[in-house]
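Engineer: Input: one structure, supplied below.
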Amino acid sequence: MKAVLRWSRILAISLIGIFLLTYIGLRVVHYPNPIATARLGLAAPSATPKLLPAHQVAPAVTPTQLQVVPEELPYGVLFNGRQIKFGKFLKDTKTNAFLVMRNGTITYEWYNKKFSPEYQFPSYSVAKTLTSLMIGKLVSEGKISESDTFIKFFPDLSNGTSFDKVTIGQLLDTRSGVGVSDNYPSGPSGWGVAIAQMYASTDIRWFMGNNRKMMFEPGTKAEYRSVDTQMLGMIIKKVTGEKVSDYFSTNFWQPIGAQHPATWNVDHIGGQEKTFCCFNATARDYARIGNLLAMDGFVGDKQLVSASWITRLSNPVETLDHNWGYGAQIWHPSPGSLMMLGLHSQFVYVVPKTRTVIVKLSDSLVDADEEPTAAILQALATKIG
């Protein structure tokens with residue numbers, strides 16, 4: 001019995017020691033505490049918004065009223081070379097919400113039984129386009145220029161390398177060359193890579209100060225990198241002197257008539273929004289922001305997005321994954337289509353010609369589903385009559 005007690009004490013002391021060492025190590029790299037980090041790593045994608053600190057994004061005082069005129073969607077869809085039932089497509093791709101809006105009217109709305117229309121779904125990289133909208137407004141107002149360098153706003157982060165030459169325009173089109181790859185981790189060991197550090201970081205400014213190594217010369221090629229969008233978010237906060245969430249709320253979320261508050265996850269309360277991801281909202285409000293692009297930047301008679309920025313968003317300048325066009329933080333899977341795309345199969349798909357927006361929010365862990373899903377959304381969005 002004494003031996004059991006002795007070994008129990010040794011085990012307990014060892015576990016406490018491991019916890020303390022892990023805690024200290026995570027503090028050094030500005031991660032959340034071990035328990036919070038573990039919860040974040042193990043959570044379903046749809047559960048992550050509440051596991052990180054966040055700023056509120058206030059909705060409209062008087063939300064726009066959305067009409068509902070139901071339409072029949074196709075019984076079957078072509079997915080990965082096979083014709084399957086539409087319901088099976090939703091199930092197989094772990095869909096949590098699916099919504100179709102045409103000319104500002106909801107024609108189809110479906111939720112997984114675990115979720116409700118009021119649930120704040122994470123956007124992941126859909127947030128990149130929201131960041132672009134804010135950058136576009138600052139450009140149109142003459143407060144920044146695409147030729148401005150990042151270090152113009154953060155001279156203390158200059159390091160005498162080609163990092164100092166990175167411009168806003170290059171950040172918009174993922175041409176910066178900043179060496180934070182978007183190779184997402186698999187398993188606990190992957191949480192040490194830079195993209196995971198940025199996602200979990202409790203101090204984005206510290207993160208940038210320690211991740212200024214360049215992988216290629218700015219402007220020489222394009223490679224999808226979330227760090228580019230995070231740098232844009234830092235510029236927004238610096239230039240406006242506001243929380244990014246407040247600036248977005250005042251200039252976009254409230255004017256589009258958003259019904260529900262959204263949240264934007266931050267490194268710490270009062271700190272920096274993680275603008276490459278981490279915006280969280282209801283499916284209907286994502287549709288409202290998509291409808292802003294479907295209507296060429298207008299809400300009624302009011303133009304929220306300048307004509308020049310609509311042009312910038314509508315014309316891809318690079319070709320990236322799946323041979324899709326990309327530019328100004330938005331995808332172009334087909335001519336005339338705009339797609340906000342986030343990890344784990346988050347889609348806000350927009351076809352201005354048909355004034356159609358499709359929102360698909362999911363818990364998918366299969367990246368290969370992106371291309372066939374986009375093809376289905378394209379077919380639905382270009383359907384007329």
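Engineer: If I go through region 311-332 residue by residue, how many of them are surrounded by fewer than 23 Cβ atoms within 10 Å (Cβ to Cβ), out of contact with any Gly (no Cβ under 7 Å at 6 or more places or on another chain) and closer than 21 Å to ALA368 by Cα?
Structural biologist: Residues meeting the conditions: 7.
Engineer: Among ASP246, ASP203, ASP228, which is the only one that is closer than 16 Å to THR149 by Cβ and acidic (Asp, Glu)?
Structural biologist: Checking each option against the conditions leaves just ASP228.
Engineer: If you check SER201, SER145, SER176, SER181, which single one turns out to be under 23 Å from GLU318 (Cβ atoms) and either at pLDDT below 95 or touching a His at 6+ places or on another chain (Cβ under 8 Å) (or both)?
Structural biologist: Working: SER201 fails: under 23 Å from GLU318 (Cβ atoms); SER145 fails: either at pLDDT below 95 or touching a His at 6+ places or on another chain (Cβ under 8 Å) (or both); SER176 fails: either at pLDDT below 95 or touching a His at 6+ places or on another chain (Cβ under 8 Å) (or both).
Step by step, each of SER201, SER145, SER176, SER181 is checked, and only SER181 is under 23 Å from GLU318 (Cβ atoms) and either at pLDDT below 95 or touching a His at 6+ places or on another chain (Cβ under 8 Å) (or both).
Engineer: Filter region 41-89 down to residues that are assigned to a helix (DSSP H, G or I), buried (at least 16 other Cβ atoms within 10 Å of the Cβ) and at pLDDT 95 or above, then give me how many there are.
Structural biologist: 2
Engineer: Also, quick follow-up: Which residue, of GLY270, GLY233, GLY257, is of a type in the set (Gly, Ala, Ser), in a helix (DSSP H, G or I) and either touching a helix residue (DSSP H, G or I) at 6+ places or on another chain (Cβ under 6 Å) or on the phi > 0 side of the Ramachandran plot (or both)?
Structural biologist: Working: GLY270 fails: in a helix (DSSP H, G or I); GLY257 fails: in a helix (DSSP H, G or I).
Result of the check over GLY270, GLY233, GLY257: GLY233.
Engineer: Condition test on GLU217, is it over 20 Å from LEU343 (Cβ atoms), over 22 Å from the mean Cα position of the chain (by Cα) and part of a loop (DSSP other than H, G, I, E, B)? First the steps, then the outcome.
Structural biologist: Working: over 20 Å from LEU343 (Cβ atoms): yes; over 22 Å from the mean Cα position of the chain (by Cα): yes; part of a loop (DSSP other than H, G, I, E, B): yes.
Answer is yes for this residue.
Listed here are the residues, each with its yes/no results for (1) of a type in the set (A, V, I, L, M); (2) assigned by TED's automatic domain parsing to the domain that holds GLN67; (3) assigned to a helix (DSSP H, G or I); (4) within 17 Å of the chain's Cα centre (by Cα).
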residue: SER132; (1), (2), (3), (4): no, yes, yes, yes
residue: ILE144; (1), (2), (3), (4): yes, yes, no, no
residue: LYS152; (1), (2), (3), (4): no, yes, yes, no
residue: SER176; (1), (2), (3), (4): no, no, no, no
residue: ALA196; (1), (2), (3), (4): yes, no, yes, yes
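Engineer: Additional query: How many of the residues in region 236-256 are without any contact (Cβ under 8 Å) to a residue 40 or more places away in the chain and among the basic types (Lys, Arg)?
Structural biologist: The qualifying residues number 1.
Engineer: Then there's this: Name the one entry in GLY336, GLY325, GLY300, GLY342 that is without any contact (Cβ under 8 Å) to a residue 24 or more places away in the chain, within 27 Å of PRO63 (Cα to Cα) and in the same structural domain as PRO255 (by TED's automatic domain parsing). Break it down stepwise before answering.
Structural biologist: Numbers: GLY336 fails: within 27 Å of PRO63 (Cα to Cα); GLY325 fails: within 27 Å of PRO63 (Cα to Cα); GLY342 fails: without any contact (Cβ under 8 Å) to a residue 24 or more places away in the chain.
When all the criteria are applied, what remains is GLY300.
Engineer: I'd like to check something: does region 91-113 contain any residue that is over 22 Å from MET295 (Cα atoms), of a type in the set (S, T, N, Q) and in a strand (DSSP E or B)?
Structural biologist: Yes - at least one qualifying residue is present in region 91-113.
Engineer: Looking at GLU273, is it among the acidic types (Asp, Glu), in contact with a Ser or Thr (Cβ under 8 Å, 6 or more places away or on another chain) and surrounded by 21 or more Cβ atoms within 10 Å (Cβ to Cβ)? Quick ask: steps written out before the conclusion?
Structural biologist: Values: among the acidic types (Asp, Glu): yes; in contact with a Ser or Thr (Cβ under 8 Å, 6 or more places away or on another chain): yes; surrounded by 21 or more Cβ atoms within 10 Å (Cβ to Cβ): yes.
Answer is yes for this residue.
Engineer: Continuing with the same structure: Of the numbered conditions (1) touching a Pro at 6+ places or on another chain (Cβ under 6 Å); (2) at positive phi, ASP296 satisfies every one except a single condition; which is it?
Structural biologist: The failed condition is (1).
Engineer: I would also like to ask the following. Among the residues of region 345-373, how many are assigned to a helix (DSSP H, G or I) and either among the small types (Gly, Ala, Ser) or without any contact (Cβ under 8 Å) to a residue 60 or more places away in the chain (or both)? Please lay out each step first, then the result.
Structural biologist: From region 345-373, those assigned to a helix (DSSP H, G or I) are 352-354, 367-373; that's our starting set.
Subset that is either among the small types (Gly, Ala, Ser) or without any contact (Cβ under 8 Å) to a residue 60 or more places away in the chain (or both): 352-353, 367-368, 370-371.
So the count comes out to 6.
Engineer: Scanning region 353-385 for residues that are touching a helix residue (DSSP H, G or I) at 6+ places or on another chain (Cβ under 8 Å), at pLDDT 95 or above and of a type in the set (Lys, Arg), which turns out surrounded by the most Cβ atoms within 10 Å (Cβ to Cβ)?
Structural biologist: Filtering first and then ranking leaves LYS360.
The values are calculated or read from the model by the stated rules, or taken from the named source; none is laboratory data. In this text the structure is predicted, and so the values were computed from the model without any measurement. Reconstructed Cβ throughout: ideal geometry from the backbone, glycine too, with neighbour counts over all protein chains shown.
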